[in-house]
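See structure below.
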Amino acid sequence: MTEAYFPQEIEKRWQKIWEENNTFHTPDNSEKPKYYALSMFPYPSGKLHMGHVRNYTITDVIARFKKMQGFNVLHPIGWDSFGLPAENAAMKHGADPAKWTDENIAYMTKQLKMLGLSYDWKREVTTCKPEYYKWTQWLFLQLYKKGLAYKKEAAVNWCNTCGTVLANEQVIDGKCWRCDSVVEKKFLSQWFFKITEYADQLLEDLEKLPGWGDNVKTMQANWIGKSHGAIFRFKVKEIEGMEVPVYTTRPDTVHGITYLVVAPEYKDIEKLTTPENKQAVEEYRANARKMTEIERLSTDRVKTGVPLGTHCINPFTGEEFPLWTADYALVEYGTGAVMAVPTHDTRDFDFAKKYNLPMKVVIQNPENPSDCKDEAYTEEGILINSNEFDGMKNTEAKTAITQKAVDGGFGEFKTQYRLRDWLISRQRYWGAPIPVVYCDKCGIVPEKEENLPVMLPTDVDFSVIGKSPITTSKTFKDTTCPICKGHATREMDTMDTFVCSSWYYLRYTDARNSEKCFDKDLVNKWLPVDQYVGGIEHAILHLLYSRFFTKALRDCGLLDFDEPFKNLLTQGMVLKDGSKMSKSKGNTVDPDEIFENFGADTARLFILSDSPPARDFDWSDAGVEGCYKFLNRVWRLASEGINNGDILKDYNFSFPLSRENDDLVRTVHIAIKGITNDISNDFQFNTVISKYRELTNAIYDWRGKKGQLNGEDKNVFTFAVESLIKLMSPVTVHMSEEIWHEFGHENSIHDEKWCEWDENLAKASKITLVVQVNGKVKDKVEVDEGLSDDKLKQTALSTDKIKELTAGKEIVKTIVVPKKLVNIVIKG
RNA sequence: GCUCCAGUGGCGGAAUCGGUAGACGCGUUGGACUUAAAAUCCAAUCGGGGUUCACCCUCGGUGCCAGUUCAAGUCUGGCCUGGAGCACCA
């Protein structure tokens, strides 16, 4: 065995052998229990970045560890390959998005293989290939049949730079998630998925996910935004038979209403406007349309509005109050109208102050009454000025008042969600075409399943500006109606790429099936994913959509489970010099360079070593070198062992051993136990790696003390080094394999069983007893493991130091913590 | 404003149940080897004070203030700071 460690040569060689031997193929039929380890699949942007390296290394180590523990592990990879960057690149360079995408996939595949990842490449999926998007379209049709896909005219988010609409989830701070441009509102007819129908399930089933972080779960819960309240319907005084319904979470304040607000886009607003007010209202509405989302939704903005001239009647009091329009009411939420109680709502208060509208206090804290002149009182309290409800606690009044409305026929209890339906149409080329046609006679007609896939046309002109390139195709638009065979035109929009990524994890179970989306038995056998690993940026988007898809497909009879991802690990970002790696900051580290200079094993080891997976990780060049040195140290231990004849082909030793050898064997067992627990317990790879180092240090120390090794020593030494190599094998996949073979083994170390430990050996023969006086450490004594509590107490009390400290003092009590510590409580 | 997460040496971070705070590493300093360098190895490294000064003793220390306890980084209450998410959602 060479004395020097040459990772590049070793890594290339083993990668080739593994590929030839099909080492990481996953059989569908196996006696072993299944384990599905999954990384969020990449967008083929061109090259891997360190975030990918971290993500895939974490999942790979988990997959390998589980495999060694005896599971049949599914660990697949694929490409989320539809999307704007390919199309933008095509427009810029006049290339074909398909070609651009294929080239990127080819390059990144090479990089993934260089990282030594244990993927079953036979299950690779690529969402932009017809054999995949055929099934994306097929699933769309299933949702359509279920009434979960529908088209409607709505106020939607429009990104002018990307030239397409966006889902609510893709608007961050009023800006496009991709290009950061300010998003506008447009009224367009678009395709939606009815995710709101699953709002309650999506919320409640979060409780079925103890393996998800609280941060992700609360983000989803907040996004769904369930609230309890009431609908009240107010008669319009001036218009016979006309009513304005409002949604409120504060029915208890209904006696304090002094005006009512409808959104500028409210459907009946023109009817509700008197001729005298028409001009002002029209101007206000036009102005609101012009404003961006950001301007409109800014909370710091001074509220504005104009009166409509009409009035509503409060059915609880008979009072009349004016109707206004103001853009602080949102047309998409609730009923689009708000009952305003300035005394008990800060927004209504601000508005009422500005326009000098009346206020009426109806809730009061009896101990500290407020007149609500300076600010709204939004806390709990007792009702006043509320007729028969006076004196009631407001929490109880919510129910009582709503009940009165129910009984009177002018209201009901109502649960409301913030979640909106998922807008999936995109006015872009590089996506899965929505498989519907518009027939001159039959209207909207879904494409027949046997006609799938609806192929993306290739005769398109990418140089067009201001419209989707797909519209330039001469072959795509005109078609025949599947029902009447008459003339029809195809839907020109494609699907949001998040639709493609909402089901890819299902396709891996049966990736090559050309007859079906997936085999039902296979999908139910492999799913749910046992461990999903990816970035926190998908906390709402991809993870919420996938959960919705799973539930919807379950209801279509395609799946037997409710939740796709049993455990979720959201890995932290990879930072450099304290900030996120990015091209614009110029602080990126190229994985290729690291592979070339240090090898993939060093990269894998380092990316796991310094921080727990969920935390951000600061890349440091010194840290990489430190890991490289450590691997050299392990390599030397093995190569010197072989070259000196200290490594035996098989080890074999029996107890009792000499003291030092016994200690080393115990150290190995302690390491096996610790490393196994650390991986099993939230994948604490940073402490796993520190334990690799501790074990390595211990073996070095032991050998340093021994000098020449005798027969028993060689057996123990071989056991120790071989255990170390095996424990490291999920991380340093190539080096461990190389050393394993140098030690004379014929099989792959990756087919080996994980190391086991003996509980009796996984502890030191001696323990350090800590002796405290009044809770402060005063002395430490080496004692044999397994002494009784009484014996420990006696030992503690009999040391010179403790005798001195306790002399002449009263010992109040003595607490013994078995195998650890004695605390002596003294007085005086 | 609301919600969640975090706060430990010069740095990344350790510390099952409340039981030796700072594992392991990075960095720094000193030393060995060497003509020299690289590599490697050894040692020191939370702060203040003391001392008979390689040992040792003592006090303080996990964002802040209280509390529970024989014992608190860990539990409880109240704050402060940073990060993330949501935000005119009635």
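The values are calculated or read from the model by the stated rules, or taken from the named source; none is laboratory data. This one's a predicted model, so the numbers in the text were calculated from it and none came from an experiment. Neighbour counts are summed over all protein chains in view; Cβ atoms, including those assigned to glycine, are modelled from backbone coordinates with ideal geometry. In case anyone asks, the SASA skips ligands and DNA or RNA and just uses the protein heavy atoms, side chains included. Shrake-Rupley method; radii C 1.70, N 1.55, O 1.52, S 1.80 Å.
Quick notes
- Contacts under 7 angstrom Cβ, first residue in segment A:709-724 being within 17 Å of A:ASN697 (Cβ to Cβ), partner open to solvent by 20 Å² or more (accessible area, probe 1.4 Å) and part of a helix (DSSP H, G or I), 6 or more apart: A:PHE717/A:ARG703
- One residue from A:THR109, A:THR126 being modelled with pLDDT of 95 or more, β-branched (Val, Ile, Thr) and in contact with a Ser or Thr (Cβ under 6 Å, 6 or more places away or on another chain): A:THR126
- Flag if A:GLU282 is outside any strand (DSSP E or B) and over 23 Å from A:GLY229 (Cβ atoms): yes
- For segment A:177-222, the set of residues classified as more than 13 Å from RNA strand B (Cβ to nearest atom) and open to solvent by less than 30 Å² (accessible area, probe 1.4 Å) consists of A:SER181, A:GLN190, A:TRP191, A:PHE192, A:PHE193, A:ILE195, A:TYR198, A:LEU202, A:ASP205, A:LEU209, A:GLY211, listed by residue number.
- Scanning segment A:542-578 for residues that are touching a residue at least 24 places away in the same chain (Cβ under 8 Å) and either surrounded by 18 or more Cβ atoms within 10 Å (Cβ to Cβ) or touching a Gly at 6+ places or on another chain (Cβ under 6 Å) (or both) yields a count of 24.
- Lone qualifier among A:PHE606, A:PHE630 - being out of contact with any helix residue (DSSP H, G or I) (no Cβ under 6 Å at 6 or more places or on another chain), in a helix (DSSP H, G or I), open to solvent by less than 70 Å² (accessible area, probe 1.4 Å) and within 12 Å of RNA strand B (Cβ to nearest atom): A:PHE630
- Segment A:420-509 holds no strands (runs of 3 or more DSSP E) entirely within its bounds that carry 2 or more residues that are of a type in the set (Phe, Trp, Tyr), crowded, with 18+ Cβ neighbours inside 10 Å and touching a strand residue (DSSP E or B) at 6+ places or on another chain (Cβ under 8 Å).
- Residue check for A:ASP173: open to solvent by 60 Å² or more (accessible area, probe 1.4 Å), free of Cβ contacts under 8 Å to residues at least 40 places away in the same chain and within 27 Å of the chain's Cα centre (by Cα): no
- Some residue of segment A:274-294 being in contact (Cβ under 8 Å) with a residue 12 or more places away in the chain, of a type in the set (Gly, Ala, Ser) and within 13 Å of RNA strand B (Cβ to nearest atom): yes
- All positions within segment A:510-526 that are of a type in the set (A, V, I, L, M, F, W, C) and in a helix (DSSP H, G or I): A:LEU522, A:VAL523, A:TRP526
- Which listed residue is surrounded by fewer than 17 Cβ atoms within 10 Å (Cβ to Cβ) and within 10 Å of RNA strand B (Cβ to nearest atom), from A:LYS226, A:LYS271: A:LYS226
- Residues that are within 25 Å of the chain's Cα centre (by Cα) and hydrophobic (A, V, I, L, M, F, W, C) were ranked within segment A:135-148; the one that is surrounded by the fewest Cβ atoms within 10 Å (Cβ to Cβ) is A:LEU143.
- Candidate set from segment A:668-689 (those that are over 26 Å from the mean Cα position of the chain (by Cα) and open to solvent by 50 Å² or more (accessible area, probe 1.4 Å)); member that is farthest from RNA strand B (Cβ to nearest atom): A:ILE670
- Test: residue in segment A:765-773 that is in contact with a helix residue (DSSP H, G or I) (Cβ under 6 Å, 6 or more places away or on another chain), buried (at least 16 other Cβ atoms within 10 Å of the Cβ), at pLDDT 90 or above and aliphatic (A, V, I, L, M): no
- Segment A:335-352: number of residues that are part of a helix (DSSP H, G or I) and either without any contact (Cβ under 8 Å) to a residue 24 or more places away in the chain or touching a helix residue (DSSP H, G or I) at 6+ places or on another chain (Cβ under 8 Å) (or both): 7
- Within segment A:371-416, the residues that satisfy the criterion of being of a type in the set (S, T, N, Q) and open to solvent by 50 Å² or more (accessible area, probe 1.4 Å) are A:THR378, A:ASN385, A:ASN387, A:THR395, A:THR399, A:GLN403, A:THR415.
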